[in-house]
1. Which one of ALA204, ALA231, ALA212 is more than 14 Å from ligand 1 (Cβ to nearest atom) and under 11 Å from the mean Cα position of the chain (by Cα)?
2. If the requirement is being under 23 Å from LYS159 (Cα atoms), modelled with pLDDT under 95 and surrounded by 10 or more Cβ atoms within 10 Å (Cβ to Cβ), which of these qualifies: ASP45, ASP69?
3. Pick from GLU293, GLU219, GLU249: which is assigned to a helix (DSSP H, G or I) and more than 14 Å from ligand 1 (Cβ to nearest atom)?
4. Assuming ASP94 fulfils every condition listed in (1) at pLDDT 95 or above; (2) in a loop (DSSP other than H, G, I, E, B) apart from one, which condition is it?
5. When both residues are 6+ apart or on different chains and their Cβ atoms are under 8 Å apart, which pairs have a first residue that lies in the stretch 35-47 and is closer than 18 Å to GLY67 by Cα and in contact (Cβ under 8 Å) with a residue 24 or more places away in the chain, and a second that is of a type in the set (S, T, N, Q) and surrounded by 11 or more Cβ atoms within 10 Å (Cβ to Cβ)?
6. So if I check each of THR131, THR191, THR173, THR164, which one is within 14 Å of ligand 1 (Cβ to nearest atom), farther than 28 Å from PRO36 by Cβ, among the hydroxyl-bearing types (Ser, Thr, Tyr) and crowded, with 17+ Cβ neighbours inside 10 Å?
7. Return the total of residues in the stretch 231-247 being among the aliphatic types (A, V, I, L, M), free of Cβ contacts under 8 Å to residues at least 24 places away in the same chain and within 16 Å of ligand 2 (Cβ to nearest atom).
8. Within the stretch 100-111, can one find any residue that is under 22 Å from ASP168 (Cα atoms) and outside any loop (DSSP other than H, G, I, E, B)?
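The values are calculated or read from the model by the stated rules, or taken from the named source; none is laboratory data. Keep in mind that what you see is a predicted model, and the values were worked out from it rather than measured. Counting neighbours? That spans all protein chains shown, and the Cβs are built from the backbone with ideal geometry, glycine included.
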Amino acid sequence: MSLGLDLSYLERSARGEFDLGWLRDTDTEWGVRAVPSKTGLTMRDIFIGSYGEVPEHAPLRTMAPRGSDVAPDVPDMGYTINDKSEVWSDNVLDLYEEAVSRQWSATRDIPWGDLAPLDPDVEHAMCQLATVLSEVEMVAADFPAKWLWRINHDFVEAKMFLCTQVMDEARHTEVFRKRALANGGGLGKATAVVERFLQLILDADSYDEGSALMHLLGEGIVLSLFRAGAALAPSPVEQQIFRLCMQDEARHVAYGTMHLRYRLERDPSMAEDFHAYLDKGEEIMAMIFTTPEIVEPTAILAAGSVEAARDLGAAAGDVLRLQIVGDYLKRCDHAGLDRRGRLHLPDAIVQGVPGAMAGAAA
Ligand SMILES: [Fe+2]
Ligand SMILES: [Fe+2]
């Protein structure tokens, strides 16, 4: 392959014989002027002119910015995701801005020095939960990373948002490892059921499938766990960890929910495909509720000790179960996918969740 090296250009330009083709022969939008908003010059502020027009189907597969004048010999990058609706969401520009402005440091922004010895049951429970969370977080970086290079550059804002997600998840992986190792408890147990769910996401045949399983279902569960964690935190240190992670996770879930909505609004016939993906995901979700390594630490954190959790029985874990399933159903509704009629969760798991029992699979 020749890159067309023209050494005579060196001599011509040295003599002042500029080419200036880029200046004269280019179809530029002279005069286009983005106006900064209150917070600075945002992605939404520059969403103007032809740059602000995102094609439904990308006409080229190059890395050129939208709105630029693309030379005819620019190579084809081989993107496989070339339809806007495959990755777009109406909130993606704002979510990117929010992600960039709300980055935090697991080293600096957690008051690690305030950690005090905890009751051993509680420390063990906290460390087991931290182990599971640290284990699952990185799949939400691996999955976007796997698909990022396949996404057409015309949808660069979605790519940029996914890049922020990759960084967020690195930090979540980091903060839970740090918590497990910072107060004497150490890392706990990894289980097959959790890893099987991660594998389902990583091995998904399409971005559609993986995004539904991860952004909507998996990260939705994690968001509910963070929310519960902030309430169950044994000290202000964990409270701050959960609070900061929750901010990030809410963005990932907001993208996934609004993306699915965008996708379904443009092609309602895809609903059945998404139902099928979630059928699979819910089977694993059900197994998570019967995994002691997840259920028991949260019950112990809620009750304060192993004995207290035993005394409370099912009630100790119910709060989390109701929250996870309830939040999940609401998110599906918001995305425009009504799962109430076909939840693949046993009655024992959906019991008590408003509206969930109707038609639930046994
Ligand atoms: Fe995360
Ligand atoms: Fe996430």
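1. ALA212
2. ASP69
3. Details: GLU219 fails: more than 14 Å from ligand 1 (Cβ to nearest atom); GLU249 fails: more than 14 Å from ligand 1 (Cβ to nearest atom).
Result of the check over GLU293, GLU219, GLU249: GLU293.
4. Result: ASP94 fails condition (2) only.
5. Qualifying pairs under 8 Å: ARG44/SER37.
6. That would be THR173, the only listed residue that is within 14 Å of ligand 1 (Cβ to nearest atom), farther than 28 Å from PRO36 by Cβ, among the hydroxyl-bearing types (Ser, Thr, Tyr) and crowded, with 17+ Cβ neighbours inside 10 Å.
7. 1
8. Yes, that holds for at least one residue.
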